[in-house]
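Colleague: Quick one: this structure, given as structure tokens, is what I'll be asking you about.
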Amino acid sequence: MEILLIEDDQRVAELIQRGLQEQGFEVMVAFDGATGVKLALNNSYDLVITDIILPNKNGIEVCKEIRTLKPDIPLMMLTALGTTDDKVEGFDAGADDYLVKPFEMRELLVRIRSLLKRYSKKAENIGFLLKIADLEMNRHTKIVKRNNTEIHLTPKEFKLLEYMMQNPARVLSKAEIAEKVWDTHFDTGTNFIDVYINYLRKKIDKNFEKKLIHTKSGMGFILKEK
């Protein structure tokens with residue numbers, strides 16, 4: 001397994017590289033954002049890990065560029081920026097996971113393995129077209145429409161809606177959403193899930209008479225026609 005690490009602190013980069021190499025990973029290091037993007041686009045890596053505060057090009061820009069041109073590569077942010085707004089911005093840029101420094105190497109390893117495992121599972125037995133009422137999602141083109149009106153979603157909003165459309169008319173707990181959409185390490189003590197459900201409601205339901213996203217008090221959320 002080959003990992004690209006984009007980290008400008010040489011000491012931190014060497015520690016992470018050594019720790020991952022001890023677990024059998026091959027690690028290439030880029031010390032600035034522009035170089036990281038170039039390496040990511042010109043080579044085949046199984047995972048990209050990037051800091052946010054980087055010279056030449058910050059991690060948000062790095063993530064967006066890689067996600068746009070290589071949508072199927074796992075992306076993790078590893079940074080000292082740990083506020084809710086920082087995390088939302090990272091996930092909106094296309095990150096699959098977000099780990100705040102300082103961290104323990106064993107947690108990083110668990111997250112890496114989980115991400116690689118999740119990406120190795122391709123949506124078995126699920127078609128690329130999903131439809132509920134007048135809401136449609138094309139999982140190949142990443143286009144979402146309601147009543148033939150295109151709705152623009154961030155990468156994480158898309159993943160959340162995709163999971164809900166794959167599980168229609170079923171109450172999804174915050175714990176399940178955390179595991180399936182944000183991986184098992186998502187901190188359910190934060191309000192991330194409520195924030196993203198609210199984002200979806202504004203885009204999917206606000207301008208339409210029939211509401212599709214519903215809350216089951218004390219239980220979770222459900223996507224259904226009635």
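Colleague: Just to check your reading of the model, which residue among 116, 153 is modelled with pLDDT of 90 or more and either assigned to a helix (DSSP H, G or I) or within 17 Å of the chain's Cα centre (by Cα) (or both)?
Modeller: Step by step, each of 116, 153 is checked, and only 153 is modelled with pLDDT of 90 or more and either assigned to a helix (DSSP H, G or I) or within 17 Å of the chain's Cα centre (by Cα) (or both).
Colleague: Of all residues being closer than 22 Å to residue 139 by Cα, of a type in the set (D, E, K, R) and not in a helix (DSSP H, G or I) in segment 39-84, which is most open to solvent (accessible area, probe 1.4 Å)? Just the residue, please.
Modeller: Out of the qualifying residues, it is 72.
Colleague: Looking at the structure I just gave you, is residue 216 charged (D, E, K, R), surrounded by 15 or more Cβ atoms within 10 Å (Cβ to Cβ) and touching a residue at least 12 places away in the same chain (Cβ under 8 Å)?
Modeller: So residue 216 fails the test.
Colleague: Restricting the search to segment 75-98, which residues are without any contact (Cβ under 8 Å) to a residue 24 or more places away in the chain and closer than 22 Å to residue 31 by Cβ?
Modeller: Passing the criteria: only 98.
Colleague: Taking only segment 96-112 into account, find how many residues are farther than 17 Å from residue 46 by Cβ and out of contact with any helix residue (DSSP H, G or I) (no Cβ under 7 Å at 6 or more places or on another chain).
Modeller: Residues flagged as farther than 17 Å from residue 46 by Cβ and out of contact with any helix residue (DSSP H, G or I) (no Cβ under 7 Å at 6 or more places or on another chain) within segment 96-112 amount to 7.
Residue-wise test of (1) surrounded by fewer than 18 Cβ atoms within 10 Å (Cβ to Cβ); (2) among the polar types (S, T, N, Q); (3) outside any helix (DSSP H, G or I).
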{"position": "140", "(1), (2), (3)": "yes, no, yes"}
{"position": "145", "(1), (2), (3)": "yes, no, yes"}
{"position": "160", "(1), (2), (3)": "no, no, no"}
{"position": "175", "(1), (2), (3)": "yes, no, no"}
{"position": "179", "(1), (2), (3)": "yes, no, no"}
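Colleague: Please pick out the residue among 101, 87 that is at pLDDT 90 or above, in contact with a Gly (Cβ under 9 Å, 6 or more places away or on another chain) and either on the phi < 0 side of the Ramachandran plot or open to solvent by less than 30 Å² (accessible area, probe 1.4 Å) (or both).
Modeller: When all the criteria are applied, what remains is 101.
Colleague: List every residue pair whose Cβ atoms sit under 8 Å apart, with the two residues 6 or more apart in sequence or on different chains, where the first one lies in segment 147-176 and is more than 19 Å from residue 95 (Cβ to Cβ) and the second, anywhere, is among the hydroxyl-bearing types (Ser, Thr, Tyr) and in a loop (DSSP other than H, G, I, E, B).
Modeller: Once the first residue is more than 19 Å from residue 95 (Cβ to Cβ) and sits in segment 147-176, its partners that are among the hydroxyl-bearing types (Ser, Thr, Tyr) and in a loop (DSSP other than H, G, I, E, B) give 174/188; 175/188.
Colleague: Considering (1) open to solvent by less than 70 Å² (accessible area, probe 1.4 Å); (2) closer than 15 Å to residue 51 by Cα; (3) not in a helix (DSSP H, G or I), say which one residue 108 fails and leave the rest.
Modeller: All conditions pass for residue 108, except number (3).
Colleague: Of the numbered conditions (1) over 24 Å from residue 195 (Cβ atoms); (2) of a type outside the set (D, E, K, R); (3) within 16 Å of the chain's Cα centre (by Cα), residue 109 satisfies every one except a single condition; which is it?
Modeller: (3)
The values are calculated or read from the model by the stated rules, or taken from the named source; none is laboratory data. Please read all numbers here as calculations on a predicted model, not as lab measurements. With ideal geometry, Cβ positions are generated from the backbone for all residues, glycine too; neighbour counts draw on all protein chains shown. For accessibility, only protein heavy atoms count, side chains too; no ligands or nucleic acids. Shrake-Rupley method; radii C 1.70, N 1.55, O 1.52, S 1.80 Å.
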